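Each remark here refers to the structure printed beneath this line.
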Amino acid sequence: MTAQATSLRTVRRLPRTLALRLGVPVVAVVLWQLAARAHGSVFFPTPARIVEHGYHLWFSGPAGRAFLTDAAVRDLLPSLGRVLAGFALAAAGGIVLGLALGRSRTVYALCDPVLQFARAVPPPALVPVFVVVFDLGTPMQLASIVFGAIWPVLINTAEGVRGIDPLRLDVAATVRMRPAERIVLLYLPAALPRIFAGLRLSLSLSLILMVFSELLPGTADGIGFQLTDAQTRSDLLTVWAVMVLLGALGHLLNSVLLTVERIALGRHRAAHR
């Protein structure tokens with residue numbers, strides 16, 4: 001099939017693809033708008049009011065500051081920095097430790113009970129420990145995010161490495177691959193699908209734990225702090241706007257990660273054809 005024919009098929013499928021992806025969300029928003037208008041309750045505002053309030057609250061600033069308001073600079077940017085930093089640390093630590101554990105069945109068997117115990121401990125239960133070790137502030141918040149988000153990456157990476165075909169390991173031993181070459185050319189490519197599966201879970205957990213860490217006493221900025229402050233003031237419109245913003249932010253970050261995954265796995269498959 002020629003490139004022109006492929007492009008033509010893609011264009012023809014575009015309306016159907018958009019309908020499948022946007023149909024349910026659009027219908028849900030329309031029903032929400034109609035139900036909220038019919039009910040007329042201050043506890044259940046319409047999506048139009050929520051979006052308008054969020055726009056004026058965060059995105060009506062000057063063009064020189066990317067239209068961000070003072071509230072956005074004070075609360076959104078610190079939260080975004082925390083979730084990205086926590087996710088990056090969890091991803092890097094999970095991949096490195098997963099590669100180290102997955103390469104040895106004996107080491108994995110010895111460490112597995114500890115891993116299963118640690119991943120079962122809810123991060124909120126360790127907040128008093130993190131407060132004592134790091135004190136209140138960004139280091140404690142990052143520790144909470146990393147501890148909760150590292151396990152999906154670590155375990156999926158280790159399982160991906162353990163699932164390598166033994167024949168490929170024998171070939172690597174025959175050609176006397178060095179450890180660094182095995183990691184780059186053998187372990188990482190083989191574990192890549194499992195790694196991305198863990199990264200998607202880790203990203204969702206990072207966002208959730210970011211909000212939780214900002215709900216704690218002593219926090220002075222962030223989306224979680226703004227949510228708590230709005231609840232204290234009974235500012236229900238801001239509460240709804242924060243929840244919608246968190247959903248949109250999670251969807252955006254997940255879409256970016258899925259795009260990176262498609263590119264990385266596409267190149268991996270093309271290289272092994």
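Of Asn156, Leu84, Pro124, which is farthest on the positive side of the dipole of the chain, counting Cα position, with +1 on Lys and Arg Cβ, -1 on Asp and Glu Cβ, and the Cα centre as origin?
Of the listed residues, the answer is Asn156.
In a GNM of the chain with a 10 Å cut-off on Cα contacts, which of Ser213, Ser79, Ser60 has the highest mean-square fluctuation?
Residue with maximal mean-square fluctuation among Ser213, Ser79, Ser60: Ser60.
I need the fraction of alpha carbon pairs in the chain separated by more than 34 Å, rounded to a whole percent.
Tail of the P(r) past 34 Å holds 38 percent of the pairs.
Have a look at the range 125-178 and give its Rg and Dmax from the Cα atoms, expressed in angstrom.
Radius of gyration, then largest Cα-Cα span, for the range 125-178: 19.1, 53 Å.
Quote to one decimal, in nm, the extra length available between Leu84 and Leu34 on full extension: 0.36 nm per residue of separation minus the C-alpha distance between them.
Values: separation 50, 0.36 × 50 = 18.00 nm, distance 3.64 nm.
14.4 nm is the gain from fully extending Leu84 to Leu34.
If you place +1 on the Cβ of every Lys and Arg and -1 on the Cβ of every Asp and Glu, how big does the dipole about the Cα centre of the range 95-182 come out, in debye to the nearest 20?
Values: 8 positive and 6 negative charges, 64 e Å.
I would put it at about 300 debye.
Using 0.36 nm times the number of residues separating Asp229 and Thr174, minus their current alpha carbon distance, what extension gain do you get?
Numbers: separation 55, 0.36 × 55 = 19.80 nm, distance 6.32 nm.
Difference between extended and current length: 13.5 nm.
Over the Cα atoms of the range 27-84, what radius of gyration and what Dmax do you get, in Å?
Final numbers for Rg and Dmax: 14.9, 40 Å.
Charges only on Cβ, +1 for Lys and Arg, -1 for Asp and Glu: so what's the dipole of the range 159-265 about the Cα centre, in debye to the nearest 20? Write down the numbers at each step before the final one.
Numbers: 9 positive and 9 negative charges, 110 e Å.
So the magnitude is around 520 debye.
Which percent of the accessible heavy-atom area of the chain goes to carbon and sulfur, probe 1.4 angstrom?
Values: 11070 of 16100 Å².
Percent of accessible area from carbon and sulfur atoms in the chain: 69.
Two decimals is fine: what's Rg over Rh for the range 222-268, C-alpha atoms, Kirkwood radius as Rh? Could the numbers behind the result be given before it?
Values: Rg = 16.2 Å, Rh = 12.4 Å.
Computed over Cα atoms, the ratio is 1.31.
Against the longest alpha carbon principal axis of the chain, how many degrees, from 0 to 90 and to the nearest 10, is the axis of helix 3-39 turned?
Roughly 40 degrees between the two axes.
How high is the FRET efficiency between Val26 and Val96 when r is their beta carbon distance and R₀ equals 35 Å, given to the nearest 0.05? Could you put the intermediate results ahead of the total?
Details: r = 43 Å, r/R0 = 1.22.
Here the calculated transfer efficiency is 0.25.
³J(HN,Hα) across the range 161-178 via Karplus (A = 6.51, B = -1.76, C = 1.60, θ = phi - 60°), whole Hz, x for Gly/Pro?
Values, residue by residue: 5, 5, x, 5, 4, x, 4, 5, 5, 5, 5, 4, 5, 5, 8, 6, 5, 6 Hz.
If N is the number of residues in the range 164-273, what value comes out of its Cα radius of gyration divided by 2.2 N^0.38 Å? Intermediate values should be presented prior to the final figure.
On the way: Rg = 21.6 Å, N = 110, 2.2 N^0.38 = 13.1 Å.
After normalising by residue count via 2.2 N^0.38 Å, the value is 1.64.
In the range 230-245, which residues have a backbone nitrogen under 13 Å from the label point lying 7 Å from Arg49's Cα in the Cα-to-Cβ direction?
Counting backbone N atoms under 13 Å from the label point, the list is 235-241.
To the nearest 20 Debye, how big is the dipole of the chain about its Cα centre, given +1 on the beta carbon of each Lys and Arg and -1 on that of each Asp and Glu?
Numbers: 25 positive and 14 negative charges, 297 e Å.
Dipole magnitude for the chain comes out near 1420 debye.
log10 I(q)/I(0), Debye, Cα-only the range 63-188, no solvent, q = 0.12, 0.16 Å⁻¹?
-0.62, -0.87
The values are calculated or read from the model by the stated rules, or taken from the named source; none is laboratory data. Keep in mind that what you see is a predicted model, and the values were worked out from it rather than measured. Ideal geometry is used to build each Cβ from the backbone, glycine not excepted, and the neighbour counts take in all protein chains shown. Side chains included, ligands, DNA and RNA excluded: accessible areas come from the protein's heavy atoms. Shrake-Rupley method; radii C 1.70, N 1.55, O 1.52, S 1.80 Å.
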